[in-house]
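Colleague: Please find one structure pasted underneath; my questions will follow.
The values are calculated or read from the model by the stated rules, or taken from the named source; none is laboratory data. In this text the structure is predicted, and so the values were computed from the model without any measurement. For neighbour counting, all protein chains shown are included, and Cβ atoms are generated from backbone atoms with ideal geometry for every residue, glycine included.
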Amino acid sequence: MQPVHRPKIFETAPHDHSHSHGHLHKLKERRRLIFSIALTGLTLLLEAVGGWISGSLSLLSDAGHMLTHFFALSMSFFAILIASRPVNPQKTYGYFRAEVLAALFNAIFLIGISLYLFWEAYERLLSPRPVNAMEMFVIAAIGLLVNLLTGLLLYDVRGRDINLRSAFIHMLSDTLSSVGVVVGALVIYFAGLTVIDPILSIVIGALILFWAGRLSFESIHILMESTPKHIDIDVLVQTLQSEVEGIQEVHDVHIWEITTHMYAMTAHVRVNDCALSHCMKMSESINQILSERFQIEHVNLQYECG
């Protein structure tokens, strides 16, 4: 019985590895983050001082929430600077994972803030304190306007990566909590129900916890190099085997997410014994299918014949 020969041909997708295809953030995005950081920093100082003067826990909670927003925006900005560093022999995929790490760190920080708000609200429910509703309303309204402006700045860049999306989520939860504080101030002013203040803090804390949970799971999913959610490996394999002439089998497939919307794949492709030029043509067909249908741009194929 003759031995089975398995010559191996390593073929990498012919794509530009400078990662200029949408992953190097533009100067406009950095400027928007800087402006958002400045606005948020000034507003959180105003809310913190106003919450202390008015005695409002919900306003202090919103200031604490805005502090996490300020921290998240700052982390996002520095993560962008790190991720923009060029590829080197030690970091062959660049520094894009810095964006994912920043998002995970933000999520963990948010979870800690929400637990603190729950505890403070519990103590206020046991021992209610007076609240100056008018001062609470004015400062919360200013915070709401700042959140809306920050949201407009980040809205059209929120989908670029998980890091910017985490910053936008911070802003969104901040906006909703500011709305709650404004409404709570009106209820206290007209109805005198100071108990609404710690109740609002609990609602704000629950909202923060919900968004932080989603963000942390998404970050961990990427860091664990799990298969991207939009890709079914069985469907991908069947597509290649049925549409690319000459492929007998595709196996040992690994697909992972380097950072948001940047996918990589390795696989073994079994073919009949053929010329190298034919394998090159198959690679072109495979890369086109993977790019157009599955958004996979970084591909490494190992050919086998037998």
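Colleague: Could you give me the residue pairs with C-beta distances under 8 Å whose first residue belongs to the range 170-196 and is within 25 Å of M75 (Cβ to Cβ), whose second residue is among the acidic types (D, E) and assigned to a helix (DSSP H, G or I) wherever it lies, and which are 6+ apart or on separate chains?
Modeller: That search, which allows pairs on different chains as well, returns D174/D62; S177/D62; S178/D62; V181/D62.
Colleague: Taking the conditions exactly as written (at pLDDT below 80, over 30 Å from P130 (Cβ atoms) and not charged (D, E, K, R)), does G159 satisfy them or not?
Modeller: yes
Colleague: Testing P198 on (1) surrounded by 15 or more Cβ atoms within 10 Å (Cβ to Cβ); (2) out of contact with any Leu (no Cβ under 7 Å at 6 or more places or on another chain); (3) modelled with pLDDT under 85, one condition comes back false. Which one is that?
Modeller: (2)
Colleague: Looking at L209, is it in contact with a Leu (Cβ under 9 Å, 6 or more places away or on another chain) and at pLDDT below 90?
Modeller: Numbers: in contact with a Leu (Cβ under 9 Å, 6 or more places away or on another chain): yes; at pLDDT below 90: yes.
It is true that L209 is in contact with a Leu (Cβ under 9 Å, 6 or more places away or on another chain) and at pLDDT below 90.
Colleague: V235: free of Cβ contacts under 8 Å to residues at least 12 places away in the same chain and of a type in the set (A, V, I, L, M, F, W, C), yes or no?
Modeller: In short, yes.
Colleague: For H254, are the conditions met, namely being surrounded by fewer than 18 Cβ atoms within 10 Å (Cβ to Cβ) and touching a Ser or Thr at 6+ places or on another chain (Cβ under 9 Å)?
Modeller: The answer is yes for H254.
Colleague: In addition: Given L176, L172, L154, L148, which one is more than 17 Å from the chain's Cα centre (by Cα), at pLDDT below 80 and within 29 Å of I80 (Cβ to Cβ)?
Modeller: L176 is the lone residue from the list that is more than 17 Å from the chain's Cα centre (by Cα), at pLDDT below 80 and within 29 Å of I80 (Cβ to Cβ).
Colleague: Answer yes or no as to whether L110 is assigned to a helix (DSSP H, G or I), modelled with pLDDT of 75 or more, surrounded by fewer than 17 Cβ atoms within 10 Å (Cβ to Cβ) and not β-branched (V, I, T).
Modeller: no
Yes/no per residue for (1) among the acidic types (D, E); (2) over 30 Å from N106 (Cα atoms):
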position: H230; (1), (2): no, no
position: Q248; (1), (2): no, yes
position: H278; (1), (2): no, yes
position: E292; (1), (2): yes, yes
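Colleague: Further question: State all residues of the range 81-98 that are of a type in the set (A, V, I, L, M) and crowded, with 22+ Cβ neighbours inside 10 Å; if no residue qualifies, say none.
Modeller: Selection gives A83 alone.
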